[in-house]
């Protein structure tokens, strides 16, 4: 009985690896077969997208394919750290100076305040994601709300920690 369970687990792992390899080949074919590759890619992906395919096992940084969980985490951390780093303040722009001044005032109020700020819960993030309208365009980060709504629970947990 134990041998049968072990063989079943191994078979499932092999099937998952095979499906993943076929998926990667399919995505590569879509990406290379069109002139406007970004638009073609997302057009085809939206037709066949299934939420169970979201947890990815490989990531390409343009020069190599990253496949270990730690390398993927490091690459994503580096990318998003770069995306969300503080911009340099343009002192000649009156609007930016005003925004910076208001931001500093808010930070001072929060640090002086004795109220305790609680961390956001996974439940709260999930509730807010459900209220997003999937047909709306992407924000400054160019991530569509459709993709955000398809995030698996394990990714949402990362947002709350």
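Listed residues 75, 94; which is modelled with pLDDT of 80 or more, outside the structural domain of residue 28 (by TED's automatic domain parsing) and out of contact with any strand residue (DSSP E or B) (no Cβ under 7 Å at 6 or more places or on another chain)?
Within the list 75, 94, the selection yields 94.
Of all residues in the stretch 107-143, which are within 21 Å of residue 77 (Cα to Cα) and free of Cβ contacts under 8 Å to residues at least 24 places away in the same chain?
Those that are within 21 Å of residue 77 (Cα to Cα) and free of Cβ contacts under 8 Å to residues at least 24 places away in the same chain: 138, 139, 140, 142, 143.
The values are calculated or read from the model by the stated rules, or taken from the named source; none is laboratory data. Every value quoted in this text rests on a predicted model; they were computed, and no experiment measured them. Virtual Cβ from ideal backbone geometry, glycine too; neighbours counted across all protein chains shown.
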